[in-house]
Structures are given as C-alpha cells and as structure tokens.
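Please read the structure below before turning to the comments.
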Amino acid sequence: MDGLIPSDRSDRLGGLAPGDDPSPEMFRAIAETAVNPFAIVDDNGVFLWVGRSIEELLGWRPDELVGRSIDAIVAPGSLPDVLTAFAELDRVPRGSDYPRGGVGQAADLVCRDGTLTPCSIIAATRSQTGLPYHLVFARRAGYERALDNALEAIARHAEVDEVLTHLVATLQQSIPRCVVAIGDGWQAGRFAVAAGDGVDLLVDDPASPWAQALATGEDVVVRNLDDLPSSLAALARSHGLSSCWVHPVTVPGDGRPMAALIMWRPYDGMPTRFTWTAVHRTGRLLRLTLQWDRSHRALEFAATHDTLTGLANRSAFVGRLGDIAKPAEGEAAVLFLDLDRFKPVNDDLGHLVGDRVLRAVGERLAGAVRPGDMVARIGGDEFAVLCERLAPGDAGTVAGRLLDALAVPIVLDGGHEVTVTASIGVTELGPGEDPETIIARADAAMREAKAGGRSRWVDHPPRR
C-alpha cells in the first residue's frame, strides 16, 4: 500500500519511526492544529495556553484569551453547568475507569463577533492527568443540536416545514458559510414547501440545477456560476455565492424524487469528501423525516376520512359538529341525506358499480356546497353536510342545490347511466345541543321526507 504521506515530506517531518515518541514540536503541532481546539486552564479557570485552531472555531486569537477566565468564551447561560461538570469530573479518583469526558458538556461558546456557537466541552482534569492544570478542548456541536431539534419536532408531530428548518441548520453547522434551501413536493417547477436562507434563490427555471437533479435523480454540482442560466447566475452573484450543489431525495412510495437539498457556497470548486458525507447524512435524515410525515398524514387521513369516497367520515363529522355546536347556535345547519332506492343499483348492477355511484355522489355533493362546508359519508348510502355561517332560510337553498346536483344521471363506463335521488332532512343547531341530538333530529326529518315521496327535503327546527 502506498504511503499516506510522500517519502520526501516524511523525511522533512523528522523521520519518526513506528513506536517512537513524538517530539515536543510534533506535540505542539498536534495541539495547535487540532480540529477540536485545545487549551490549558488553571484551578481558577484562567487560560494558560490556547491552541491556534480556536480562531477557526470562534474567531479569537490565542493571545486574546491567554490570561482571561473561561467566562470570556462560555456564555452566561452555559457557565454554571460547565463549572459543575468540571468540578464533578475533578472528583473522580485518579486511575478510575470512569470515562474522562463522554460526549462532553453542552455549552454555547461566545465568538469574537459576539455570536454564539453550540459546542461540547471535554476535559481531562489534573486529578486524572497528574499535571498541575486542566486540559480542555471544545468540539463544534451545532449539528448534533440541530439534529436533536429536528427529532424533537418529529416526536411532537410538528409541521414538516418546522422540521425542515432544523435540517437546514444541520447543513449550516456542517458546512460553514453555506446558504441552504430544502424543498419538498416538487411539481410544475416549484416546491410545495421549502425552508432555509436560500429559498429566494429557488427560481422557476427548467435549466436550474434543482430541476435537473429532480428530473434525473442524480446529484448536480455546479462548480462556478458560468454553468448556470444567466438570470440565476446574476441572482447568485448578488448574494455573494459562487457554486451550487443539489442532492435529490426520493421518499419510499413517491416513485421519483420530490425533495432536494440545495447548498450554495461563496467559493468555486467541488465539495470535499467531508462535505459530501455531511450532505448525504442530512439527505437520509430528510428522507426519514418526509417518510414519517407522509405516513403520519396518511394515518390521520385514514382516521378521519371515508376510504371509498375520500369524504370526511362519521367520526370527523361528529367531532366538527361538536366543536361548533355552541358558538354556531342558530347560524349553522346539518343536512342529512339518504339515497333513494339505492339497493337495486347494488343488486342489479353489482357492488363495483354501486361503489362508483357512491363516489360520484360524493363528488357532486362536495361540488354543490361552499368551500369550508363539510360533506361526510356517514355510512352505507347516507351522507351529511355541515354548513356554517348561514343566514336564516339558507339551509333550504343548500338542500335544493344538493337535489339538483343529483338529478343529472351518472354516466358509468360503457355509457351506462344511473339516476339516483335523495331524501334530505334539514335542521339548524339549537342551544346547548350535543352532536348526536342534532344528527338524530336531522335523521328524523330525512325519514319524513322519504315517507312523503322521496327526492325532497324536510326541515325540523330545534326547540327554542
């Protein structure tokens, strides 16, 4: 296997052989350049030495922190927990098998510009090292915190756009200085829902990198703005951005990509392998999030809707009626419908035809009422309509529209026509009534309509 470091560079490193102890210069280089910055702190919490990599994490130069207390960079809200954690760690007996730092103490650290960065602080106290000071290092933890927020949002059934906002934060923490947009529900050149500080860059252009990625199902990397449509390139340039990467996401059951991660960066070139890993990890989280959201919505829909017609079911109708019964007293009405002579349709033409007729009836009833009125299939060939914000006498007008909607024959496959009518019971909501009382009165009015000749409506007003 070829060496990881070319031989000429290996010689310049001092010829360290396997098993040799690194020189002091090597130890210093390790401490100075560590991704997770090192510091040496005394018993009073004062920095004695700070590695140069602190500047990459927080913007502070080491000389600006040496001689200052740790409260210079630990946010006030995090300081008590940090001090308690270190005190408890210092009481661990020397030589104990107790883990030195675990995942670290969560803390917000203060950047030189005054902003806060979520981190984990890990320490090896002097009781563990035998040295007269404490070794401390910090690790960026914004990704983990953003991930925790996303999982928390999922657990409490938050809307998907809120979860997307937290996933945007995971990318922003993993890829510093990037501008991110996450979208879902791609259709007709736009996303149904999107989140992130890059949303205003999601222009409707078939040549955009996200349109290409969603069409092919493959990642699209734009190394510089010359590869973008001129209008989109100008927009990106106005935001100080130079390159773009789109990662499409296909949710099981969708059949094609409907979601995407869109990352913009302020410099040209290809993303590194580390960036690639972060983006694809978040892509998997997005797929999981959207799969959960679709499953959750499907379960909610199944619990509140009739599977044949797609209308609200009895449970949802009763629940809504209960919600408005008191505040809508006298200003809402229930119309209870029963199809006339529907049994011969099932008996003579079969249940498949009967199901098609029921679906057609549901569509016509929904099309005959106002937006916001609820149409439900109560069971079998019974339907109900809940109309809110009605003026006196308007319920009869609605009943007339429903009868007219059913008067036109239903044309089935092959040109066969079926005509169905309905008997309708109408009632307004009375004072202090429960849903079952209201439905029972509407049902009684419907039975009176059916006994009086069918294809008509009867009103039973509430008792005042």
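The values are calculated or read from the model by the stated rules, or taken from the named source; none is laboratory data. Model, not experiment: these values are computed from the prediction. Neighbour counts are summed over all protein chains in view; Cβ atoms, including those assigned to glycine, are modelled from backbone coordinates with ideal geometry.
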Log entry, pairs with first residue in segment 238-250 being more than 17 Å from residue 207 (Cβ to Cβ) and among the hydroxyl-bearing types (Ser, Thr, Tyr), second being part of a loop (DSSP other than H, G, I, E, B) and modelled with pLDDT under 95, beta carbons closer than 6 Å, six or more apart or on different chains, reads 242/266; 242/267; 242/268
Exactly one of 135, 109, 167 is outside any loop (DSSP other than H, G, I, E, B) and either more than 28 Å from residue 55 (Cα to Cα) or not assigned by TED's automatic domain parsing to the domain that holds residue 61 (or both), and that one is 167
* Asked: Within segment 410-425, is there a residue that is among the polar types (S, T, N, Q) and over 23 Å from residue 355 (Cα atoms)?
  -> no
Looking at segment 88-96, is at least one residue at pLDDT 90 or above and out of contact with any Ser or Thr (no Cβ under 7 Å at 6 or more places or on another chain)?
no
(Q) So for segment 398-416 (the condition being acidic (Asp, Glu), within 44 Å of the chain's Cα centre (by Cα) and outside any helix (DSSP H, G or I)), does at least one residue qualify? (A) no
Could you please let me know if residue 338 is assigned to a helix (DSSP H, G or I), over 18 Å from residue 413 (Cα atoms), charged (D, E, K, R) and in the same structural domain as residue 452 (by TED's automatic domain parsing)?
-> no
**Message:** Yes or no: segment 422-435 includes at least one residue that is part of a helix (DSSP H, G or I) and free of Cβ contacts under 8 Å to residues at least 60 places away in the same chain.
**Reply:** no
For segment 266-290, the count of residues that are under 12 Å from the mean Cα position of the chain (by Cα) and not β-branched (Val, Ile, Thr) equals 5
Over segment 30-64, the set of residues of a type in the set (A, V, I, L, M) and modelled with pLDDT of 85 or more is 39, 40, 41, 46, 48, 50, 54, 57, 58
Taking first residues from segment 398-415 that are over 30 Å from residue 428 (Cβ atoms) and assigned by TED's automatic domain parsing to the domain that holds residue 386 and second residues anywhere that are at pLDDT below 95 and of a type in the set (Ser, Thr, Tyr), the pairs with Cβ under 6 Å that are 6 or more apart or on different chains are 409/419
Filtering segment 221-278 down to residues that are within 24 Å of residue 289 (Cα to Cα), of a type in the set (S, T, N, Q) and touching a Lys or Arg at 6+ places or on another chain (Cβ under 8 Å) yields 250
